[in-house]
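The values are calculated or read from the model by the stated rules, or taken from the named source; none is laboratory data. Computed from a predicted model, the values in this text were never measured in an experiment. Positions of Cβ are backbone-derived with ideal geometry, glycine not excepted, and every protein chain shown enters the neighbour counts. Just so you know, the surface numbers come from the protein's heavy atoms only, side chains and all, with ligands and any DNA or RNA stripped out. Shrake-Rupley method; radii C 1.70, N 1.55, O 1.52, S 1.80 Å.
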Amino acid sequence: MSETSLNGISGDRSVDFPASGTEITGNADLLTEILLRLPPKSLLRSQTVCKYWFSLISSQSFRRLQCQRKHSSGKVDGLFFCWWVYGNDHLEFIPFNGMPKTQMNMIPLAFKNLATCTTSKLQSLHSCNGLFCINFNLGAENQVCYVYNPSTNQHRLIPLPDTKPCEIMVMNMAFDPMVSDSYRIVCVMKSNGIYEFYVYSSQSGIWKDSKEILDIKQYFLAQGVFLNGCMHWVSEGGLFIRFDLDSLCFKTMPSTVILNGLLKRNIRYFGQSGGHLHLIEVQNFSSMNFEVLELGSDYRQWFVKYRVDLSALHIAYPLMLSEELDLLDVNRRTCNIVSVIVDDKEQTSRFLVSMPEVIIEYDARRMTIKEVADLGTAKISVMWEDVSVFEWYDTHQYVETMACV
């Protein structure tokens, strides 16, 4: 059995190290590999070391490689929770990397400070692979839209589509670093009782009208999931839809069956991980046993990928059975899946679960749990109590990336 030496190299073979730091910095490939292991904020500081490092780190090829490595890892560095209570927006950031509390609290403020208008409110928020699309309502039917990278603190003002008097409903971000350095935004407009769809390209800087329309139904349009060049939306009562951003048209996508006796689907989660779409539906909201569905790559049908039983969490976290929480939550949803992380290569599947005052990670293969975040500082004000149980549609993944805006 091989042993791990103090320098972190495992195995019995000898390793030749450069004789000096000069040889490391002079070897572009080796230096690149070392720098790629640093988080974005450390990379930004490293740019000031010398002109050579600045040129290397700021190059498009290095940033592309960092984005692709990060995307391939499937790692999630934190979660943003955004919700609205009585017309007031609330934004909380929960890191998973031990970020200091002072720095953690500054990130939501940086989001809101993008809009210089003091009366601005978050209209919609959407993330994709580390980039965020933020739409602000400035009042008097005025809105502004920004693309923001919280890792680098870079932002870009996006011109709105000239479609008055249509109403902008939501903006969905589409960014795949494995395909392109550029990103696109899907804008859903409301006009005369129907939805219209426009697409913005960061490469061209212009909006295109897809000419596609959709009847207004119970769609989760603010929670579109981008995968394989398409934006996907699910619905509680209608058909699921897939919108191709290249051809600017709808394509077929299978929907799940609404069971007899139910008026609509009880959707508990919809997202993507490992190149697959995942969906969780339950018959009753208090169920702790559920199936995770995965959509086949041929888009023909949904199939059961995992069967999960979280009922044992009641023992480890008795607060889930609190009578006070039951009074506030008529559906008794004191446990919500907010993220599914699948790695087919490692054959792992992990579920991030929001519970009272804590977020845990459940490993389906090992059947183990661990706490990844304390929600004691992020509580939702509901009537006269504070409840810290977030929903999947309030959740936006944070991924550290050097992607340009």
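Classify the range 160-259: rounded, prolate or oblate, from the alpha-carbon gyration tensor (a ≥ b ≥ c, eigenvalue square roots; a/c under 1.5 rounded; otherwise prolate if a/b is larger than b/c)?
Values: a/c = 2.15, a/b = 1.19, b/c = 1.80.
Cα axes put the range 160-259 in the oblate bin.
The simple spin-label model puts a point 7 Å past each Cα toward its Cβ; for Leu239 and Ser42 those points are separated by 5.0 nm. The amide H of Ser180, built 1.01 Å from its N in the peptide plane, has no neighbour under 5 Å, considering only residues 5 or more places off or on other chains.
With the simple model of a label 7 Å out from the Cα in the direction of the Cβ, Asp363 to Lys217 spans 4.1 nm. Counting only heavy atoms of the protein chains and using a 1.4 Å probe, Val304 has close to 60 Å² of accessible surface. Label sites at Asp246 and Asn260, each approximated as a point 7 angstrom past Cα along Cα to Cβ, lie 4.3 nm apart. Sorted largest first by accessible area at a 1.4 angstrom probe radius, with every protein chain in place, the residues Asp215, Asp181, Asp162 fall in the order Asp162, Asp215, Asp181.
Pairs to check: Lys41/Lys75; Lys164/Lys217; Lys70/Lys121. Give those whose C-alpha atoms are more than 26 Å from each other in this structure. The pairs that break the limit, which is 26 Å between Cα atoms, are Lys70/Lys121.
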